[in-house]
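Enquirer: The structure that follows is given in the form of C-alpha cells.
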Amino acid sequence: MGKLFYIMGKSSSGKDTIYEDVLARRELGLKPFIMYTTRPIRAKETDGVQYYFVTEEKLRLMQEQGKVIELRAYDTVQGIWYYFTADGDRVDMEHCDYLALGTLESYEKVRDYYGKEKVVPVYIEVSDEKRLERAIKREKKQAVPDYEEVCRRFLADQKDFSEEHVQAAGIGRRFVNDGDRQVCMDEVAAYILSVIKS
C-alpha cells in the first residue's frame, strides 16, 4: 500500500524547496502529487510541476465530473484564486508513494479522502521573522511585486496555521527550517524513508 507524504507549512517556510529536494532523491522513489490552482503562474514555475494551472471553467468542469476532493478560495488583491485537489487516473495509491505540497486545510481533506493510514503529514516550521524576510525577498523577483498580497498571506497563515489548528489536525512531528536548509531537507528525507521501510 502506497503512502502520500504531505508537506505543509506557512507561506515562505521553504516547503517548495524542501519538496523539490525530497522529490529528487531517487532512494525515496516518490512521485509528485500535483494539485491545481487558478492563480496566475509565477516566475520560474512550470505548469504540471508546482501546480496544474487551470481556468475557472476547467475547475467547474472537474467539479461537475465529481473529480474535486477539496477546494479552497482565497480573496486576494488580484481577485479570487482557487486551489484544489482532484482525484484522477494519475494517482495509484495501491502501488506508489507520493509527495504532495499543500495547506493544513487541504491536508485534512485529502487525509479524510484517502485515509489516515495512507496520508502522512510533514509539517515545516519557520520563525515569523524569517518567513517575512523570505517572502519579501521572493516577491522582489516578480515582474510586478505585490507586497500587499505578501502581507495578506502572512496574516492569513497566522490564523490558518494557528497552534490550535495544527494540534487539531493531529500534527505531531515538526521540522524546523530556520537555519541550514540542507539539515532540514535531510531530516525530512530520513523521516520519509523510515516510514516507507516500516
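Enquirer: Are any residues in region 113-123 in contact (Cβ under 8 Å) with a residue 60 or more places away in the chain and either at positive phi or of a type in the set (Gly, Ala, Ser) (or both), and if so, which ones?
Expert: None; the set is empty.
Enquirer: Here is a follow-up. For region 55-78, check the following and say yes or no: at least one residue is of a type outside the set (A, V, I, L, M), closer than 20 Å to Leu104 by Cβ and exposed (fewer than 14 other Cβ atoms within 10 Å of the Cβ).
Expert: Yes, that holds for at least one residue.
Enquirer: Now a separate question. Wholly within region 124-198, which helices (runs of 4 or more DSSP H) include no fewer than the required count, namely at least 1 residues that are among the β-branched types (Val, Ile, Thr) and free of Cβ contacts under 8 Å to residues at least 12 places away in the same chain?
Expert: The helices (runs of 4 or more DSSP H) meeting that bar are 181-197.
Enquirer: Give the residues of region 8-21 that are in a helix (DSSP H, G or I), over 10 Å from the mean Cα position of the chain (by Cα) and under 18 Å from Thr103 (Cα atoms), sorted by residue number.
Expert: The answer is Thr17, Ile18, Glu20.
Enquirer: Taking region 60-119 only, how many residues are in contact with a helix residue (DSSP H, G or I) (Cβ under 7 Å, 6 or more places away or on another chain) and charged (D, E, K, R)?
Expert: Final tally of qualifying residues: 4.
Enquirer: Taking Lys15 and the conditions (1) at pLDDT 95 or above; (2) touching a strand residue (DSSP E or B) at 6+ places or on another chain (Cβ under 9 Å); (3) surrounded by 14 or more Cβ atoms within 10 Å (Cβ to Cβ), which numbered condition does it fall short on, given that it satisfies the others?
Expert: All conditions are met except number (1).
Enquirer: Would you point out which residue out of Arg25, Arg60 is in contact (Cβ under 8 Å) with a residue 12 or more places away in the chain and of a type outside the set (A, V, I, L, M)?
Expert: Criteria check complete, one pass: Arg25.
Enquirer: If you don't mind, there's one more thing I want to ask. Please verify whether Glu94 is part of a helix (DSSP H, G or I) and surrounded by fewer than 19 Cβ atoms within 10 Å (Cβ to Cβ), treating the condition exactly as stated.
Expert: Spelling it out, it is not the case that Glu94 is part of a helix (DSSP H, G or I) and surrounded by fewer than 19 Cβ atoms within 10 Å (Cβ to Cβ).
Enquirer: Keeping to region 22-41, report how many residues are under 29 Å from Arg60 (Cα atoms), touching a helix residue (DSSP H, G or I) at 6+ places or on another chain (Cβ under 7 Å) and assigned to a loop (DSSP other than H, G, I, E, B).
Expert: Qualifying residue count, region 22-41: 1.
Enquirer: Something else now. Go through (1) under 16 Å from Lys15 (Cα atoms); (2) more than 18 Å from the chain's Cα centre (by Cα) and name the single condition Gln142 misses.
Expert: Condition (1) is where Gln142 drops out.
The values are calculated or read from the model by the stated rules, or taken from the named source; none is laboratory data. No experiment lies behind these values; they were computed from the predicted model shown. Every residue, glycine among them, receives a Cβ derived from its backbone with ideal geometry; neighbour counts consider all protein chains shown.
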